[in-house]
């Protein structure tokens, strides 16, 4: 096994036993990036100099006999909508192609406080709008399992980097499945925390009531370590919850006996590829054999999830993206005749087609005469969707479903059909509307393409989904598979 295939906790053992230095580790990952990134296109920006400087600090701590944190010296990538002080942060858009933030996001500060090394910023769909990275203003990220196929989106670069060994862990953002769907396509672990559990300060907003930062990792243990490092209350974020961050590693128990698991019938219905269904049913059988109670249940308002999510998400994006006008920062069209012309040309040239589509839809949904018909109604339906989950969780400890109805699809297959692209998130968007935590981990393969299993939990009960995910992982070998890039 190559060094870049190891998990963060395995690398930590090598570091504290002085079998490897943090500088050597980071250099090995940068060598891997150099070897594979021209094939997959995971990174927009590499931060080698600052990462190696931080790695040397960790090495000095180890040599001095100091105890280091589990993530100290571990190379972590960041989705390029997470602000990093002094480092270009584009959100995958031309309009921010030269934006350098004057501050770092809270999650970045927490990672650095834990000793992690930030090795670069990863590719994404523009302003997190998309499911394939084909909406990036720069290039599309290829799936390490099959470079003719997408890596998922919008956090496709982060998922592909972890999958290919070009990062040990990564942070992404999830507004409707943007962590879990690419995790499914790339065969890695991706978790969307409870809304408010992780600070959004410094995250370039798309849809503020849906966005959440979360971890990508090679296994569930690393996911728990990363989640523990970034969680907790932040006074800079008004939506940050006031709660004490638990020790998520304490939930890593190989035992699901007595756990009650519901499987929504609506998530196993028409549109689900037979091979994906078979892999998920096999996972259901495994949980039953390990002592969990698994049965079908219903979430009756599922049919309204996509429409509700799209109206709310587009409306909030329309509001958030109004700030990009060419005046204060970012791209500006200089060949304009007057200020109004400059606004129009800046936004026309700076935004891509999908972002423009959502801005127009969102502006329409918020406009006079249509607000009540669309946005207000969508918010009412959102409450009904949330209540579906609350009723389900009165009976079940967690819910189980596919992450995506298909494995990774080929480039070009859905980019010209927005509705088909939106359907890639049909099983994931509801968790964002309800604000509840969900995790995706590999549960099988269709050929050599990974299939994702989604576990959905109660508010602030990441511990239970980590326990179930860890148990599944300990009793299967899917997470040990590695692509040939």
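How much length would be gained if the chain were fully extended between residue 394 and residue 448, taking 0.36 nm per residue of separation minus their Cα-Cα distance, in nm to one decimal? Present the calculation step by step, with values, prior to reporting the outcome.
Values: separation 54, 0.36 × 54 = 19.44 nm, distance 3.82 nm.
Full-extension gain reported as 15.6 nm.
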What distance in nm separates the simple spin-label points at residue 97 and residue 13, each placed 7 Å from Cα in the Cβ direction? 4.7
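Helix-derived [θ] at 222 nm for the chain: sum -39500 (n - 2.57) over DSSP H runs of at least 4, divide by residue count, nearest 500?
Working: 15 runs with 177 residues, N = 485.
Helix contribution divided over all residues of the chain: -11500 deg cm²/dmol.
Taking the beta-carbon count within 10 Å as an exposure proxy, list 421, 268 from fewest neighbours to most. Display every interim value, and only then the final one.
Details: 421 22, 268 18.
Placing the least packed residue first, the sequence is 268, 421.
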Burial ordering of 417, 80, 338, 37, fewest other beta-carbon atoms within 10 Å first: 338, 417, 37, 80
What share of the DSSP beta bridges in the chain is antiparallel, in percent to the nearest 5? 65
By how many nm would the segment from residue 273 to residue 147 grow when fully extended, if each residue of separation counts as 0.36 nm and the alpha-carbon distance is taken off? 43.2 nm
Report, as a whole number in µm² per second, the diffusion coefficient that Stokes-Einstein gives for the chain at 4 °C and 1.567 mPa s using the Kirkwood radius over alpha carbon pairs. 58
Can you compute the FRET efficiency between residue 289 and residue 379 using 1/(1 + (r/R0)^6), with r the Cβ-Cβ distance and R0 = 35 Å? Round to the nearest 0.05. 0.25
Would you please give the FRET efficiency between residue 63 and residue 250, computed as 1/(1 + (r/R0)^6) with r the Cβ-Cβ distance and R0 = 25 Å, to the nearest 0.05? 0.25
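Can you sort 309, 233 so the residue with the fewest Cβ neighbours within 10 Å comes first? Numbers along the way, then the final one.
Numbers: 309 27, 233 14.
Least to most surrounded, the residues fall as 233, 309.
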From the square roots a ≥ b ≥ c of the eigenvalues of the alpha-carbon gyration tensor of the range 181-243, which class results: rounded (a/c under 1.5), prolate (a/b over b/c), or oblate? oblate
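Read the figures in this text as sums done on the coordinates, not as results from a lab. Nothing here was measured: the structure is a model prediction, and the numbers come from that model. FYI the Cβ positions are ideal-geometry reconstructions off the backbone, even for glycines, and counts take in every protein chain you see.
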